[in-house]
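Once you've had a glance at the structure underneath, I'll fire off some questions.
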Protein chains: 2
Amino acid sequence: MKIGLLGFGVVGQGVYDLIASREDMSVVKVLCRKDVSLPGVQVTKDFNDILNDSDIDTVVEAIGGLHPAYEFVKAAIEAGKNVVTANKALVATFYDELIPLAKEKGLCFRCTAAVGGGIGWLSELERARRIQTIEKVGGIMNGTCNYILDSMTRLGFDYTNALKQAQELGYAEADPTTDVEGIDTWHKAILSSNVAFGICLDSATVPVAGISRIQATDVENFKAHGLVCKLISTGMFTKGKVSAYVQPTLVKFGEPESAVPANYNLITFVGSASGRMSFYGQGAGRYPTAYNVVQDCADVLLDKGFYSPCGEKVKAENTDFMRYYVRGEKDSWLEENTAETWGTAIISKPISVEAMHVWLKNHPEAFIAALAE
Amino acid sequence: MKIGLLGFGVVGQGVYDLIASREDMSVVKVLCRKDVSLPGVQVTKDFNDILNDSDIDTVVEAIGGLHPAYEFVKAAIEAGKNVVTANKALVATFYDELIPLAKEKGLCFRCTAAVGGGIGWLSELERARRIQTIEKVGGIMNGTCNYILDSMTRLGFDYTNALKQAQELGYAEADPTTDVEGIDTWHKAILSSNVAFGICLDSATVPVAGISRIQATDVENFKAHGLVCKLISTGMFTKGKVSAYVQPTLVKFGEPESAVPANYNLITFVGSASGRMSFYGQGAGRYPTAYNVVQDCADVLLDKGFYSPCGEKVKAENTDFMRYYVRGEKDSWLEENTAETWGTAIISKPISVEAMHVWLKNHPEAFIAALAE
């Protein structure tokens, strides 16, 4: 396998390192804006040098972001090259275009590292689907949010200090919006549901609530009730109906999710035969992420195309009822739906996920967290 | 794929059910001592009916125990049939005979369900080894022991009542020796190290301590120090040296292992690229176990032979130093190695795993538990 590697940042360098000693694949060209010198490898600033190289059969995209990653990946597929990427925003956004295009061309398109970093999550779903139906997917999919929530819970930090510490340690970006508002988890949730259920979710129907408005007083409230707050994604497929959402969720102290420390991920599927299966590991980092990129390359050598059929476009129907912790301005709807009061916050009566997120959209200053049952 | 199924108990029936709706494989004959009637399937009491049927390309062994499972499996391989089994005692005991024999014949030998039930553990190790070196394997591998320890910790049961409850719920056998003395975990630990490190461990060099001598007062002692007792297997490969052992281990409350409830398993490998990866799920049960048996059949269709080379015979060298909780008759060696006293028990100075297990052999009434660092 002759690889054209797009990007030579944290993940790109990791991929290069892991492939260096292999005999079944080699990186022959690297697209990189900086001047670097790599033995036996042509480094270029022009993507066309890779696109037009007929020796290159596989493009590994490690640039990140939507553009120009999308244009490059699309052109690579059109030119007959397999694609491996860790870019969840790219795949979640252009799922219904890129996957069918690769399939039509008889090429492989793999993105295992896009969810769970070092956890072989999408590959696991692919394997699981050989034998059974998957009924549920989800869990803790963002290391930044977990790091912040864990610092607040275990060390008593407030949100600002927890975020600052995460930034200092390299676990959060200078602009943390994508992580703390749940967008990163949302991309991963959509991708997981698509692969697990063999569908193509309409992302506009998948609501997301992040953690940026959580306060130290909320965490104190949770602790007093034996609860730990985690940002959790959920996808369910029941009787032909799909529900999917991302929201802060309160789990009981002692449950597996409550014990996930620092920037780790814990992702779970429930299968009709296997029951609950969970995967715990580094959700990011150079070598864990690069590890799954190289695993994907090994699977391309075995001609593993994509994880599941890219099925029909499906709208999520979030009619499940849950109880919520809500801290925010009380209006008549909230008062009507209040079951208990916890300090300045309330615990709601069971309300539909959809209704809760509609209310949240109109009360962007509020913080909500679902109570896991 | 035409399958001869040996045994029609809990797992055998599960395999039959999961295969019934598939087009890529079918059960054509079942070996069963009882008179059962299955549509389109020949049920026989004579193994030769399966052995001599040249249409049958794969034998699924779901009898359990060493004999006659060993004789049947060996004969099947010699007759040119692939073998899939969930029998860890069989595979751990006859590893250096059966695996090379299957390899020599160019056949597949798979046993994913032998460790972790529904967790695709051995398959994961096989996948991990494609890209990296595995440095460590182990964890909670026996649901019976975890159920008993969990009942003692969470519900305050004493050992006898916890075992009785586990038996009533079907989580422990009438004779629980194999589970509670750690033999089952020991088989799984040996098998995991063999596959992960590409070796063939000399089982006589792998010490095991079980949980049958734990008392409610021990658990109270652990709780008072924020610790939870779990039966944990360890295999490590460092600088060409292998260490491997099974022993009760004290983990801090809040660590992932401490949160594993009921009859669940939590198994971990540490890879040179991926870092720590853990797998959590049902360690047993009809469908979780049958699920991985059928996964193995799907992998036989892809001609996946065995998980790793069956390397040279290796002795474990358990020279790692650990601190131990020890409750038992105090002799001069123990007094010399005492660092603290916890009620009627002591916490030792750091001593080698090997030395601790030699002492335990001479003090079979004692209970020991290692302190995880």
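Can you tell me how many residues within the range A:65-98 are among the small types (Gly, Ala, Ser) and closer than 18 Å to A:Ile190 by Cα?
4
Go through the range A:205-234 and give me each residue that's hydrophobic (A, V, I, L, M, F, W, C) and either outside the structural domain of A:Pro261 (by TED's automatic domain parsing) or assigned to a strand (DSSP E or B) (or both).
A:Val208, A:Leu227, A:Val228, A:Cys229, A:Leu231, A:Ile232
A further question on this structure: Out of the range B:93-124, which residues are under 22 Å from B:Val15 (Cα atoms) and of a type in the set (A, V, I, L, M)?
Across the range B:93-124, the qualifying residues are B:Leu107, B:Ala113, B:Ala114, B:Val115, B:Ile119, B:Leu122.
Pick out, from the range A:52-147, the strands (runs of 3 or more DSSP E) lying fully within it that include 2 or more residues that are surrounded by 24 or more Cβ atoms within 10 Å (Cβ to Cβ) and among the polar types (S, T, N, Q).
Hits in the range A:52-147: A:82-85.
Take A:Trp121 and tell me if it is of a type in the set (Phe, Trp, Tyr) and more than 14 Å from chain B (Cβ to nearest Cβ).
Against the criterion (of a type in the set (Phe, Trp, Tyr) and more than 14 Å from chain B (Cβ to nearest Cβ)), A:Trp121 does not qualify.
Among the residues of the range B:171-196, which ones are surrounded by fewer than 24 Cβ atoms within 10 Å (Cβ to Cβ) and among the aromatic types (Phe, Trp, Tyr)?
B:Tyr171
Tell me, which residue of the range B:259-294 that is within 7 Å of chain A (Cβ to nearest Cβ) and hydroxyl-bearing (Ser, Thr, Tyr) is surrounded by the fewest Cβ atoms within 10 Å (Cβ to Cβ)?
Filtering first and then ranking leaves B:Ser278.
Another one. Does the range B:287-305 contain at least one residue that is more than 30 Å from B:Leu101 (Cβ to Cβ) and not assigned by TED's automatic domain parsing to the domain that holds B:Val353?
Yes: the range B:287-305 contains one or more residues that are more than 30 Å from B:Leu101 (Cβ to Cβ) and not assigned by TED's automatic domain parsing to the domain that holds B:Val353.
Condition first: touching a Gly at 6+ places or on another chain (Cβ under 9 Å) and hydroxyl-bearing (Ser, Thr, Tyr). Now tell me which residues in the range B:45-84 satisfy that.
Scanning the range B:45-84 gives B:Ser54, B:Thr58.
Further question on the same structure: Within the range A:129-165, can you find the residues that are free of Cβ contacts under 8 Å to residues at least 60 places away in the same chain, hydrophobic (A, V, I, L, M, F, W, C) and more than 14 Å from every other protein chain (Cβ to nearest Cβ)?
A:Phe157, A:Ala162, A:Leu163
Can you pull out every residue in the range B:210-229 that is of a type outside the set (Asp, Glu) and in contact with a Cys (Cβ under 8 Å, 6 or more places away or on another chain)?
Scanning the range B:210-229 gives B:Gly210, B:Ile211, B:Ile214, B:Val219, B:Phe222.
Would you call A:Thr58 polar (S, T, N, Q) and in contact with a His (Cβ under 8 Å, 6 or more places away or on another chain)?
So A:Thr58 fails the test.
Please go through the range B:87-114 and pick out each residue that is within 14 Å of chain A (Cβ to nearest Cβ) and in contact with a Leu (Cβ under 7 Å, 6 or more places away or on another chain).
Hit for the range B:87-114 is B:Thr112, nothing else.
To continue, here is another question. Being acidic (Asp, Glu), more than 14 Å from chain A (Cβ to nearest Cβ) and assigned to a helix (DSSP H, G or I), is that true of even one residue in the range B:335-350?
yes
Somewhere in the range B:297-307, is a residue within 18 Å of the chain's Cα centre (by Cα) and surrounded by 20 or more Cβ atoms within 10 Å (Cβ to Cβ)?
Yes; the residues of the range B:297-307 include at least one that is within 18 Å of the chain's Cα centre (by Cα) and surrounded by 20 or more Cβ atoms within 10 Å (Cβ to Cβ).
When only residues in the range B:1-45 that are assigned to a loop (DSSP other than H, G, I, E, B) and of a type in the set (Gly, Ala, Ser) count, which is farthest from B:Ala69 (Cα to Cα)?
Here the answer is B:Ser21.
The values are calculated or read from the model by the stated rules, or taken from the named source; none is laboratory data. Given the structure is predicted, the values throughout are model-derived calculations rather than measurements. FYI the Cβ positions are ideal-geometry reconstructions off the backbone, even for glycines, and counts take in every protein chain you see.
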